[in-house]
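Before any comments, here is the structure.
The values are calculated or read from the model by the stated rules, or taken from the named source; none is laboratory data. Given the structure is predicted, the values throughout are model-derived calculations rather than measurements. Positions of Cβ are generated from backbone atoms using ideal geometry, with glycine treated the same way; all protein chains shown enter the neighbour counts.
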Amino acid sequence: MSAAPSPAFDAFAYAHQHRDRVVWMSQNTNHLVPPEIVRNAVEAALGERVYEGYPYAPGHPELKELVLADFGARPGTSCLVTSGGTESLYMLTRALLSSGDHVIASDPSYLIIHKFVELAGATTDNLDIYRPPYRLTADRVNEAVGPKTRMILLIDPLNPLGSGYPREEVRALAEIAHDRHLLLLNDVTYRDFAEQHTLAAEFAPDETLTVWSVSKNCGLAGLRLGGLLAPKELADRVNRYNTNDLGVNILAQRAAIALLRTKSSWFPAVQAQTRANQDRIRSVIGQTPGTRLPVFPSQANMFVIDLEEARIRPEELQKELLLRHGVFLRAGNYLSPAHGANFIRASFSNPASDIERFAEAFPIAVDALRPPAPRAA
Ligand SMILES: Cc1ncc(COP(=O)(O)O)c(C=O)c1O
C-alpha cells in the first residue's frame, strides 16, 4: 500500500503555534517600538470602555491630523482610515481600475497589490527589476506606457528588495504620471526606515494616491490600521468601496495616535537598531559562501538574500531555519514569479538577540542543505 502524500508544510501555522519561541523575521514587522506607549494608550481606552460604541466612522480626527502632518500633506488632501494599508489598496484598485486597464509594476514586488489589480479585471505589466539598480527607472516606465496603461505602482522603499528611490527618480516618475494622464500609486509603508525619502505627491499631487500604514513604522501590524492620502475627488471615489462603513478598530486608532504623537522621540532608536542589524546580517552573509545581498543597505527593514549560487531552494531553507532553529524567514516565491526561486527575504526590526539567533542558525542551515560539490573529472 502506498503511503498517503504528506500535507505541504505550513510555515505560518507552525510559526504561530510556536510563537513564543520563534524569531519573527518573515513579515517585516517591527519588534522595537516601546511597548509601554501602546499599553498605556490601549489601557486608557479600555478604561473608558470606548469599545462599547462605534468609532467615529471617518476615523479619529486626531489620528487624521497626525497622519496629514506626518506627511506634510498639502491643504485639500483627504485622509482615509482603513483596516491596514491593505484595505486601501483593495478599495482603490476596485474603484479606479476597470477591465482591460494596465498597471506598470515590477517583479519582485509586493504581489498582493498585483492580485487586487487582477481582481479589478486589470493587468500588471511587471518590469523585471532583479538587476541593478533593483528598482523601476523612469526610462523603463516611460517605454512601458501603452494606450491601456492607467496606473504606475511605485512602492518606495520596495518590499522585498529594500531598494529606495532617489528624489530625482521620484520626480521623473511623477512627471510621467502627470504628462501621460496616469494614476500613481505610491505605497510608502516603509518610508520611515529610509535614509531619505521623497513623496511622489510632491510632484504629481493630482495623480498620486499615497498608501500609508502604521504596521511597520509603529510596530502595530496586529492592530490592522492604515489608510490613504489623496486629493478629495480621488479619495471620494475610492471611499465608495469602503466596507468599514462603521469605522475601523478604535483601540488601534488610539494606539496609533499615542505612537504618532511621540514618534520623533522613539523612532531614531528603532532606526539605529534596524541599521545595526542589517550590518550584522551582512557580515553573516559575507561568511556564507554562495549567498549574497543584491541590495545593501536596505532603505526598508528587510532585504533579500540571494541563494542561487548555493543552489538551495528558499522553501527548503525557510523550513530548515524554522524547524531546526526557530528562525522564521520568508521564501521568495510569494514575492517574485521570475526570481522567487532564488531568494529568501529577511526582515530585521528585531532586538539584537534575535539577530544573533539568525547569525548562528543561517550558516548551519545553509551548510545542511548545500548540495555536494560536483566531483572533478
Ligand atoms: C508594500 C506593502 N504595502 C502594504 C502592506 C500592508 O500593510 P498593512 O499591514 O498596513 O495592511 C505591506 C505589508 O507587508 C507591504 O509590504
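Of all the residues in region 105-119, those that are away from the ligand (no atom under 16 Å from the Cβ) and buried (at least 20 other Cβ atoms within 10 Å of the Cβ) number 0. Annotation note: of Ala204, Ala194, the sole residue that is more than 17 Å from the chain's Cα centre (by Cα) and outside the structural domain of Phe267 (by TED's automatic domain parsing) is Ala204. Applying the condition of being of a type in the set (S, T, N, Q) and within 16 Å of the ligand (Cβ to nearest atom) to region 83-103 and asking which residue is farthest from Ala255 (Cα to Cα) yields Thr93. Right, Ala144: out of contact with any helix residue (DSSP H, G or I) (no Cβ under 6 Å at 6 or more places or on another chain), away from the ligand (no atom under 16 Å from the Cβ), more than 20 Å from Glu87 (Cα to Cα) and of a type in the set (A, V, I, L, M) or not? Yes, satisfied.
Residue-wise test of (1) among the charged types (D, E, K, R); (2) on the phi < 0 side of the Ramachandran plot; (3) assigned to a loop (DSSP other than H, G, I, E, B).
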{"residue": "Met151", "(1), (2), (3)": "no, yes, no"}
{"residue": "Asn159", "(1), (2), (3)": "no, yes, yes"}
{"residue": "Ala174", "(1), (2), (3)": "no, yes, no"}
{"residue": "His181", "(1), (2), (3)": "no, no, yes"}
{"residue": "Thr189", "(1), (2), (3)": "no, yes, yes"}
{"residue": "Leu209", "(1), (2), (3)": "no, yes, no"}
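Flag set for Arg94, criterion: touching a helix residue (DSSP H, G or I) at 6+ places or on another chain (Cβ under 9 Å), surrounded by fewer than 21 Cβ atoms within 10 Å (Cβ to Cβ) and assigned by TED's automatic domain parsing to the domain that holds His181. Among Arg49, Arg135, Arg131, which is the only one that is touching a residue at least 12 places away in the same chain (Cβ under 8 Å) and among the basic types (Lys, Arg)? Being touching a residue at least 12 places away in the same chain (Cβ under 8 Å) and among the basic types (Lys, Arg) holds for just one of Arg49, Arg135, Arg131, which is Arg135. If we keep just the residues of region 182-239 that are within 16 Å of the ligand (Cβ to nearest atom) and charged (D, E, K, R), which is surrounded by the fewest Cβ atoms within 10 Å (Cβ to Cβ)? Out of the qualifying residues, it is Arg224. Listed by first and then second residue, the pairs linking a residue in region 222-236 that is assigned by TED's automatic domain parsing to the domain that holds Val67 to a residue that is at pLDDT below 95 and surrounded by fewer than 24 Cβ atoms within 10 Å (Cβ to Cβ), with Cβ atoms under 8 Å apart and 6 or more places separating them unless they lie on different chains, are Pro231/Gly76; Lys232/Gly76.
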